[in-house]
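Every number here is computed from the coordinates shown, using simple stated rules; none is lab data. The structure displayed is predicted, hence computed values, not measured ones. In this analysis, Cβ positions are derived from the backbone assuming ideal geometry, glycine residues included, and neighbour counts consider all displayed protein chains.
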Amino acid sequence: MKIASWNVNSLNVRLPHLEQWLRDAAPDVVGIQETKLEDNKFPDAVLAGLGYRSVFAGQKTYNGVAILAREHAIDEVCIGIPGFDDAQRRVIAATVNGMRVVNLYVVNGQDVGTEKYEYKLRWLDAVHSWLSEELQKHPRMVVLGDFNIAPDDRDVHDPAVWNDGHILTSAAERQALQRLAGLGLHDAYRLHHGDAGQFSWWDYRQAAFRRNMGLRIDLTLVSDALRGTAAAAGIDREPRTWERPSDHAPVWVRLAGQAL
DNA sequence: ATGGTGGTGATACCA
C-alpha cells in the first residue's frame, strides 16, 4: 500500500499535475496540502473519475488539505485539531483500510521570533497533545504532510545558512518534531535512506531546483505498530521538473502486508 | 542586507 503526501500550492493550478502524477505513481492514499480551494470548488468529481474518493477542508487563498484514497472507504473524518480553535484549514485526519491517516500542513512560521513563529510552536504543541491521545485509539497511524521543518542537517542544502536562527531549521522547531518522534512516529524516509541532499522543496527563486538548493520538509511518519511494514520510502522529483510546477515534490512510503 | 519567484486576486500577503 503506497501512501503519499504532496503540497500542490494551489490545486486549481496544479490539478493537471495531480492527475498525471496519480496515473504515474498510482498511490493508494494521498494527503494534499495547500489546495487553496473552498470546499464547493474542490474537484472531487474529476478525482473520482480517476478512481479516488476524496475528503477535504479548504478555504480561499490560503491553506486547505485533503485526503484521497482508491479502493477503500474514507471514514471517521476529523477536521482541525480537536480543542484547538483555528480558522486555518491545516489538518484533516481519516481512517482508511484500518489505518489512521493524519494529514498536516504545518504552519510556516515566517521568521524566528515573529508572531507567526510563536503560533507555529503553539500549533505543534497542540498537534503533539492530540496525536498522543490519538495513538492510543489508533496505533496503526501514518502522519504525513508538509511539516515546514527540516529534521537535521542532511535535510538542507547549506547548514551554515539553515541554522538555529533560521525558520524551518531552528532548534525549537526541530525539538517539536523530535517530540512527535518521541510518540513513536518514525520518519519513513530515514528508515531506508541515510543520505544527505535529498530534498522535497525548492524555492521558486534563485533557480533553486536546478542548483538543488532545497530542503526535505515533506515527511511521512509511521507509528511503532506500522514501522515493521514500511518496506520503502522515497521522493518523486519528477513533477518538480514539469512546466509551472509546485515548489514541492511528492513524497511516499510503501507499507507491505497492507491488503488492498 | 536585500530581493529574488509564484499564487491569489486586484493589493498586499503568504510562502
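Here are the numbers for this structure:
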quantity: Cut-off 13 Å between beta-carbons: net charge of the residues surrounding A:Phe56, Lys and Arg +1, Asp and Glu -1; calculated: +1
quantity: Å³ per residue enclosed by the Cα convex hull of the stretch A:170-260; calculated: 117 Å³
quantity: Mean ellipticity per residue at 222 nm, deg cm²/dmol - from DSSP H runs of n ≥ 4 across chain A, formula -39500 (n - 2.57); calculated: -7500 deg cm²/dmol
quantity: Net charge dipole size for the stretch A:2-255 [Lys, Arg +1 and Asp, Glu -1 on Cβ; Debye, nearest 20]; calculated: 420 debye
quantity: Burial order of peptide ranges A:49-58, A:112-121, A:143-152 (average beta-carbon count within 10 Å, highest first); calculated: A:143-152, A:49-58, A:112-121
quantity: Per-residue ³J(HN,Hα) for the stretch A:116-132, Karplus 6.51 cos²θ - 1.76 cosθ + 1.60, θ = phi - 60°, Hz, x for Gly and Pro; calculated: 5, 5, 4, 4, 4, 5, 5, 4, 5, 5, 5, 4, 4, 4, 4, 5, 4
quantity: Scattering profile of the stretch A:23-132 at q = 0.09, 0.17, 0.18, 0.22 Å⁻¹ [log10 I(q)/I(0), Debye over alpha-carbon scatterers]; calculated: -0.25, -0.83, -0.91, -1.22
quantity: Relative frequency of Cα-Cα separations exceeding 22 Å in chain A, percent; calculated: 51 percent
quantity: Span from the the stretch A:23-45 Cα centroid across to the the stretch A:152-179 one, whole angstrom; calculated: 29 Å
quantity: Candidates A:Asp155, A:Asp247, A:Asp164, ranked by Gaussian network fluctuation over chain A, Cα under 10 Å, top entry; calculated: A:Asp164
quantity: Hydrodynamic radius (Kirkwood) for the stretch A:124-168, which is based on Cα pairs only, to one decimal in Å; calculated: 12.8 Å
quantity: Links that overshoot a 31 Å alpha carbon limit, given the list A:Lys2/A:Lys116; A:Lys41/A:Lys120; A:Lys2/A:Lys137; calculated: A:Lys2/A:Lys116
quantity: Kirkwood Rh, angstrom, the stretch A:74-199 [1 / mean 1/r, Cα pairs]; calculated: 15.4 Å
